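Step one of this worksheet: look at the structure below.
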There are 2 protein chains.
Amino acid sequence: MADDPGTRSGTGQTRRRGAALEEAILRAAVDELTESGYAALTMEKVAARAGTNKNAVYRRWPNRLALGIAAYRQLSTTVPLPDTGELRGDVLAFLRLANRHWSSPLGAILRELLSAAGGAPELLARMQGQSGDAAAAPWLTILGRAVARGEAAPEALHPRVATVAIVLLRNEYVVRGVPTAPDEVLVEIVDEVFLPLVRRRGPSSG
Amino acid sequence: MADDPGTRSGTGQTRRRGAALEEAILRAAVDELTESGYAALTMEKVAARAGTNKNAVYRRWPNRLALGIAAYRQLSTTVPLPDTGELRGDVLAFLRLANRHWSSPLGAILRELLSAAGGAPELLARMQGQSGDAAAAPWLTILGRAVARGEAAPEALHPRVATVAIVLLRNEYVVRGVPTAPDEVLVEIVDEVFLPLVRRRGPSSG
DNA sequence: CAACTAAGGTACGTTACGTACCTTAAATCG
DNA sequence: CGATTTAAGGTACGTAACGTACCTTAGTTG
């Protein structure tokens with residue numbers, strides 16, 4: 001920010017307005033969020049870093065959580081869906097991507113935001129959408145391919161079934177208290193639970 | 001607390017010491033926690049309610065989180081393991097117990113504490129232990145009975161398999177943003193995922 | 001140009017965590 | 001029993017940060 005042309009310099013008297021200022025604030029929030037996480041994100045620090053003051057921030061975002069969420073959304077990326085040509089490979093690859101994501105600083109930030117957003121379902125839904133592995137759609141795609149290849153039973157094409165692997169992985173995080181799991185665990189989830197579940201289907205109760 | 005004999009009354013000059021005071025503080029913390037949750041639990045209010053001051057509280061618990069956890073532990077109860085004589089009934093009954101627990105004020109408190117405890121694995125482990133449905137042991141017991149009765153395949157006797165139902169239920173909470181799920185969901189989890197998983201076991205990859 | 005708007009600057013009320021320090025009742029020790 | 005020690009009771013306060021209020025001023029619009 002030393003020589004940023006948009007900066008309000010002591011002598012320059014040039015005020016950023018509208019989108020330019022909003023962008024500067026967002027960038028500052030992103031930087032603070034990635035450096036220190038959500039808990040340490042303060043309106044004061046973001047404003048200072050953006051070279052403005054809290055008024056400008058509050059004029060755009062009603063509160064700290066909203067700003068945190070906006071900053072997070074700047075950071076999130078979409079993950080490419082793996083296509084290895086076989087079910088086990090696809091699922092393992094996608095699980096590994098997810099594992100990497102959740103063990104990254106980004107994962108911790110997301111968890112903090114989810115916790116702070118505690119009671120707001122729509123907000124939660126929007127946050128979930130940012131973590132690509134949470135939705136059923138990509139998993140259904142992977143499973144759909146497997147069904148087409150004859151690797152899985154057609155009855156297994158159900159969102160809750162399709163997402164079992166990722167759900168189990170996230171449960172591992174809870175149990176372990178850390179947002180990462182060793183690769184053997186991923187392999188075990190796939191081989192001991194997921195594959196048996198989708199390949200042969202016993203009769204369900206009537 | 002109107003006529004509690006242990007109370008330091010204005011004229012009585014009788015100070016509670018040691019365990020008696022600790023108990024009074026804990027009781028106050030429990031009351032505050034159940035009435036207002038962890039976020040609204042303050043050291044000031046607990047101390048006032050216990051008829052003491054923050055020094056006494058801080059002499060026993062290093063910080064607010066520790067006090068919150070101690071109070072929570074006073075509250076937690078053990079749930080009886082259902083035994084309906086058949087697998088589906090057992091699993092459904094235990095899931096229903098869990099659903100009721102997590103949708104109770106106690107569940108919200110636990111979630112708050114887990115979130116506040118964010119980076120401390122041992123602490124987390126201890127908290128988890130308080131929520132009886134999280135551990136694998138009861139689920140393995142239920143599944144073990146089913147295996148003995150011939151209702152489930154012996155290879156399914158694995159902690160990760162046994163806990164699939166409860167893990168899926170908790171994922172429902174995350175997806176919904178509320179700590180409760182309709183009974184049809186519980187039934188679906190059991191019938192669509194859990195029972196097919198444990199009854200017939202396809203070959204796992206070598 | 002005047003009016004309006006948003007940016008920049010400053011101040012402040014409120015809340016609560018946690019710490020420090022003092023007085024005093026109660027327990028312990030010689 | 002008196003002296004010493006310890007913990008309880010009481011009070012004060014530094015700090016941090018959220019969010020609000022208000023004022024000045026640069027920039028835009030009609």
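The values are calculated or read from the model by the stated rules, or taken from the named source; none is laboratory data. Since we're looking at a predicted model, the values are computed, not measured. Glycine also receives a Cβ, built like all others from the backbone with ideal geometry; neighbour counts cover every protein chain displayed.
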message: Among the residues that make up region B:13-34, is at least one of them within 12 Å of DNA strand C (Cβ to nearest atom), of a type in the set (Asp, Glu), surrounded by 13 or more Cβ atoms within 10 Å (Cβ to Cβ) and outside the structural domain of B:Arg111 (by TED's automatic domain parsing)?
response: yes
- prompt: Taking the condition modelled with pLDDT of 80 or more and either under 12 Å from the mean Cα position of the chain (by Cα) or assigned by TED's automatic domain parsing to the domain that holds A:Glu35 (or both), does A:Ala93 pass?
  reply: no
Top-ranked residue in region A:47-68 [being buried (at least 20 other Cβ atoms within 10 Å of the Cβ) and away from DNA strand C (no atom under 12 Å from the Cβ); ranked as nearest to the other protein chains (Cβ to nearest Cβ)]: A:Gly68
- prompt: For A:Leu110, are the conditions met, namely being more than 13 Å from DNA strand D (Cβ to nearest atom), within 30 Å of A:Asn171 (Cα to Cα) and aliphatic (A, V, I, L, M)?
  reply: yes
Every residue from region B:153-178 that is within 15 Å of B:Pro196 (Cα to Cα) and touching a residue at least 40 places away in the same chain (Cβ under 8 Å): B:Ala153, B:Glu155, B:Ala156, B:Ala165
Spans of helices (runs of 4 or more DSSP H) in region B:34-91 with at least 1 residues aliphatic (A, V, I, L, M) and more than 16 Å from DNA strand D (Cβ to nearest atom): B:64-75
- prompt: Is at least one residue of region A:83-104 among the hydroxyl-bearing types (Ser, Thr, Tyr), crowded, with 17+ Cβ neighbours inside 10 Å and more than 16 Å from DNA strand C (Cβ to nearest atom)?
  reply: no
